[in-house]
1. Compute the signed sum of charges (Lys and Arg +1, Asp and Glu -1) over the other residues within less than 14 Å, Cβ to Cβ, of residue 53.
2. What order do you get for 54, 129, 17 when you list them from fewest to most C-beta neighbours inside 10 Å?
3. Using DSSP to define loop residues, name the trypsin sites (Lys or Arg not before Pro) in the stretch 10-58 whose beta-carbon has at most 11 other beta-carbon atoms within 10 Å.
4. Given H placed on each backbone N at 1.01 Å, which residues far from residue 4 in sequence or on other chains put an amide H within less than 5 Å of it?
5. When the scattering of the stretch 7-178 is computed by the Debye formula from its Cα atoms alone, each counted once and equally, what is log10 I(q)/I(0) at q = 0.10, 0.19, 0.20 Å⁻¹?
6. Once the other residues with Cβ under 14 Å from the Cβ of residue 87 are scored (Lys, Arg +1; Asp, Glu -1), what is the net sum?
7. Can you tell me what share of the DSSP beta bridges in the chain is antiparallel? A percent to the nearest 5 is fine.
8. For the stretch 48-106, compute the orientation-averaged projected area of the C-alpha convex hull (one quarter of its surface), in nm².
Amino acid sequence: MNSKATAFQTRRVAAALSSGDVVAVPAEAVWGLSCDPWCLDAVESLCAMKRRALDKGLIVVSWTPHHFEPLLQALPAEARQECLDSWPAPITWIVPNHGYFPPWVTGDSNEVAIRVTAAPALVALSRALDGPVVSTSANAAGALPARHGFQVTRYFGEKLKKLPGTVDLMAKPSTIKRVTTGDVLR
């Protein structure tokens, strides 16, 4: 089986995501569930699938820092440059949101978690949509994150659209850092 998504598969999964569906996509170290961050119904569906509280907040990823420009421009120059210098990579930054992403993405916080990824499937999906997507591990709360596509199917069934690909089985989930303090949260 080909582990890289074709252009047709990418367009099909992007169309499903644009229609408000939740999709599965291989990220850096684990499979993730993705949806449109501006679609409340999609985010609620994703959180219900994971049995995750909506108030916890979610990570938003893109293939380019341009999609986060309003957030990055609001940062002090040194902090902005630190974010830009760290990407693309599995480094997620918690930054002040300033009302850019809706509260169903930020949860009970005035901050939002953002990442510029190099994971091929997430890059392809974000490019196809020309925008960022939610990315959170493909597992129910308390279960191990899926590291293979068959585990995603086991957790969520065969109807969930998946973008083919693989994860780096030697990698760890993304590092999460708070830009205002430099604290490493994961």
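1. Values: positive: 50, 51, 52, 56; negative: 44, 55, 108.
With Lys, Arg at +1 and Asp, Glu at -1, the neighbours total +1.
2. Working: 54 17, 129 20, 17 25.
Ascending Cβ contact count within 10 Å gives the list 54, 129, 17.
3. Working: sites: 11, 12, 50, 51, 52, 56; in loops: 51, 52.
Answer in residue order: 51.
4. none
5. Each listed q corresponds, in turn, to -0.33, -1.28, -1.42.
6. Numbers: positive: 80, 115, 177; negative: 28, 69, 82, 85.
Neighbour charge sum, excluding residue 87 itself: -1.
7. Values: 15 of 24 bridges.
DSSP beta bridges in the chain are roughly 60 percent antiparallel.
8. Working: hull surface 18.3 nm².
For the stretch 48-106, the mean projected area of the Cα convex hull comes to 4.6 nm².
Only the coordinates and a few stated rules stand behind these numbers; no lab work does. Keep in mind that what you see is a predicted model, and the values were worked out from it rather than measured. For neighbour counting, all protein chains shown are included, and Cβ atoms are generated from backbone atoms with ideal geometry for every residue, glycine included.
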